[in-house]
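To start, the structure under review is shown below, and the notes come after it.
The values are calculated or read from the model by the stated rules, or taken from the named source; none is laboratory data. None of the values given here were measured: they were computed from a predicted structure. So basically every Cβ, Gly included, is an ideal-geometry build from the backbone, and we count neighbours across all protein chains shown. SASA here: full protein model, heavy atoms, side chains in, ligands and nucleic acids out. Shrake-Rupley method; radii C 1.70, N 1.55, O 1.52, S 1.80 Å.
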Amino acid sequence: MSASERMRRVDEAMREVLSDAITSDLKDPRVGFVTVTSVDTSPDLRHARVYVSVLGADKERKLSMRALDSAHGFLQRRVAAELRLKHTPQLTFAYDDTAERADRVERLLGRGPGSAGA
């Protein structure tokens, strides 16, 4: 198995573990409707950037991001417990605005839900 294939599998396994932990086990009321969209792990497995989308307004997004940052230790322990990795990566959460950007482009093109042409 190539190194890039292994990293892709590690990223996907981490995304699954984190998605499950956030939706099932995280009890912080600040965490809204959060979806883990992707994970990008460094080749040395020391760092992982976790991309998430959050349903709701800017206030809900900020609260959810703060809650995820607060819970990173708990989430790291879940990754360590469920995946057998040489190192458990340090998690960093990043907001994934892909859906917002796509919606904005659709509106600009006059094809989206909020456009005058729809």
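Measuring r between the beta carbons of residue 9 and residue 70 and using R0 = 30 Å, the FRET efficiency lands at 0.55. Of the whole protein surface, residue 34 contributes about 10 Å² of accessible area at a 1.4 Å probe radius. Considering helices alone, the calculated mean residue ellipticity of the chain at 222 nm is -14500 deg cm²/dmol, with DSSP H runs of length four and up weighted by -39500 (n - 2.57) and normalised per residue. For the set 7, 14, solvent exposure ranked by accessible area (probe 1.4 Å, protein chains only) runs largest to smallest as 7, 14. Calculated from the alpha-carbon coordinates, the range 61-114 shows an Rg and a Dmax of 17.1, 50 Å respectively.
Within the assembled protein chains, the solvent-accessible surface assigned to residue 1 is about 150 Å², based on a 1.4 Å probe.
With only Cα atoms counted, the range 8-57 has Rg and Dmax values of 11.7, 36 Å. Taking amide H positions as modeled 1.01 Å from N, with prolines and chain starts lacking one, the residues under 5 Å from residue 47 and 5 or more places away or on another chain are 42, 90.
For the chain, the per residue solvent-accessible surface stands at 63 Å², with DNA, RNA and ligands left out and a 1.4 Å probe.
Angle of helix 58-70 to the longest C-alpha principal axis of the chain, folded into 0 to 90 degrees and rounded to 10: 0°. Computed over the chain, the alpha-carbon pair-distance distribution with 10 angstrom bins reads 13, 40, 27, 15, 5, 0, each value a whole percent. When a 1.4 Å probe is rolled over the protein heavy atoms, the share of accessible surface on the chain that falls to carbon and sulfur comes to 51 percent.
In square nanometres, what is the average projected area of the Cα convex hull of the range 37-84? Computed as one quarter of the Cα hull surface, the answer is 3.9 nm².
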